[in-house]
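The structure under discussion appears below in the form of structure tokens.
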Amino acid sequence: MKPSVLVALRVFPEVVARLREHFEVETNDADADWPQAELIARLQGQAGAYITGAQRIDAALLAACPQLRAVCSMAVGYNNIDVPACTAHGVLVSNAPDVLTETTADFGFALMMATARRITESEHYLRRGEWSKWSVDLFAGSDVHGATLGVLGMGRIGQAIARRGALGFGMKVAYHNRSKLDPAIEAELGARWVNKEDLLRQCDHLVIVVPYSAASHHLIGAAELALMKPTATLTNIARGGIVDDAALADALRRKAIAAAGLDVFEGEPAVHPGLLTVPNVVLTPHIASASLPTRMAMAQLAADNLIAALGCGPNKGRPPTALNPEVLGTARLA
Ligand code: DGY
């Protein structure tokens, strides 16, 4: 008998078809946002969960779903999954790194540019019919080329953004990260490690790409924003909650910094009302990785992981991007 899996979000039909070759598949074609109790109820008897960042996998869920053997996410970020609890329960976890790096970096760079050059603010003005003549400082923003790019979180996506800035736009790159880059990569990017405070003081355009965790909650709040130049911009494509959105809305309203570009929000899909009323912010609905080829690659990678984790397909027993491979071969997966 085929194992059963739950696909907790609407995904591409070709991905579901692949899963059906190996599993009995329950889908969420309506893309309903199931409350936790419903997610737990639907996971009863399922060996696998195919999820994204919106489903919370915690110790209570794991205790309530003893047949669950693998949780495979099509997101790279996995702050919604308690990986140590999964490991303790012998449940394999995977995410979807690498396949989205360049697409997400493209978007981060585009959002930073749109923010610096006031693209959406000026488009709204034009659409409102307010444009009556050319004038010398109409929507004058700040330059990107030659400016100092500050990257907070220098993982794969941070490096891809730094590469665009340094090699494409002649930007000076400063970064802050727990670990320093390999000196060869620093040299390629002309990137200098600085402490967080110096990064905030020195950069013209800050791009936040750090993973969310308890340690990065409100990493940027009122005190940090106060260190930034009044001409600086802030772009967040990482996760809501890393920036204190109330403090950011206040800083934007006071023009303590020039502008922000935000793809992620605390408590999304809700957006802090203060961010909706200030003009100097570009807002997008968590779409940094959303090119069709990349979303397909993320979705297929999660399927590859689930198929392999549950002992099927060419990689059986070897899910390609497992986060806790130490559980392979333990009771639940044996
Ligand atoms: C990711 O992959 O983590 C993106 O933010 C989508 O959730």
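Please treat every number below as a calculation from the coordinates, not as lab data. Since the model is a prediction, treat every value here as computed from it, not as a measurement. We place every Cβ from the backbone using ideal geometry, glycine too, and count neighbours over all the protein chains shown.
Kindly count the pairs of lysines across segment 101-283 whose alpha carbons are less than 21 Å apart, treating pairs on different chains or eight or more residues apart as eligible. Mind showing how you got there, number by number?
On the way: 172/180; 172/196; 172/229; 180/196; 196/229; 229/255.
Count of close lysine pairs: 6.
Name the most mobile residue of 31, 98, 82, meaning the one with the largest mean-square fluctuation, in a Gaussian network model of the chain with Cα contacts below 10 Å.
31
Mind checking which of 219, 306, 151 is farthest towards the positive end of the chain's charge dipole, using Cβ charges of +1 (Lys, Arg) and -1 (Asp, Glu) about the Cα centre?
Ranked along the dipole, the leading option is 151.
Run through the DSSP bridge list for the chain and note the antiparallel percent, rounded to the nearest 5.
5 percent
About its Cα centre, what dipole magnitude does the chain give when the only charges are +1 on Lys and Arg Cβ and -1 on Asp and Glu Cβ, stated in debye to the nearest 20?
Values: 30 positive and 33 negative charges, 67 e Å.
Around 320 debye, computed over the chain.
For a quick check, take a GNM of the chain with Cα springs below 10 Å and name the residue from 142, 291, 132 with the largest mean-square fluctuation.
132
Restricting to DSSP H runs of at least four residues, report the calculated mean residue ellipticity at 222 nm for the chain, -39500 (n - 2.57) per run over all residues, nearest 500 deg cm²/dmol.
Working: 13 runs with 112 residues, N = 334.
The helix-only estimate for the chain comes to -9500 deg cm²/dmol at 222 nm.
Excluding residues fewer than 8 places away in the same chain, name every one of the aspartates and glutamates whose C-alpha is closer than 12 Å to that of residue 2.
List returned: 21, 24.
Let me check against my output: what whole-number percent is the relative contact order of the chain, with C-alpha pairs under 8 Å and at least 6 apart?
Values: 663 pairs, mean separation 63.5, N = 334.
For the chain, the relative contact order is 19 percent.
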